[in-house]
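Written out below as structure tokens is the structure these notes cover.
The values are calculated or read from the model by the stated rules, or taken from the named source; none is laboratory data. Just so we're clear, the structure is a prediction, and the values are computed from it rather than from any experiment. Heads up, the Cβs are rebuilt from the backbone with ideal geometry, glycines too, and the neighbour counts pull from every protein chain shown.
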Amino acid sequence: MSATLTADVLQDDLAVLLARVLATANKRARELGVDIPQSFITISQSFDNGSSWRVNYGPKDYIGRRGGDLIIEVDAGDISIKQVLRGQ
């Protein structure tokens, strides 16, 4: 699905940053075999060891399930992958 972004959206620094963070995390998640459309995705900000964003990929049908999530931490400064964690 593609959409044309309006000028006001492109001027929102946080929206653009999050789009870049999510695109970077999605690329790594796909490389690791995650079915992104079938994932429940959450994003949280972290300030441990500098500013970063944690993108969590879990199953959409998470009720009654434990573990198996993929967490990708992306540096907020240069949009590089800082860490990849797999849940058990």
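Cβ-Cβ contacts under 8 Å between residues 6 or more apart (or on different chains), taken from a first residue in segment 17-33 that is surrounded by 13 or more Cβ atoms within 10 Å (Cβ to Cβ) to a second residue that is in a helix (DSSP H, G or I), are listed as 26/36; 29/36.
Scanning segment 27-64 for residues that are within 15 Å of residue 80 (Cα to Cα) and either modelled with pLDDT under 95 or in a strand (DSSP E or B) (or both) returns 45, 46, 49, 50, 51, 52, 53, 54, 55.
One residue stands out in segment 1-16 among those that are small (Gly, Ala, Ser) and outside any loop (DSSP other than H, G, I, E, B): the one that is surrounded by the most Cβ atoms within 10 Å (Cβ to Cβ), namely 15. Checked against the criterion of being at pLDDT 90 or above and touching a Phe, Trp or Tyr at 6+ places or on another chain (Cβ under 6 Å), segment 8-19 contains not a single residue that satisfies it.
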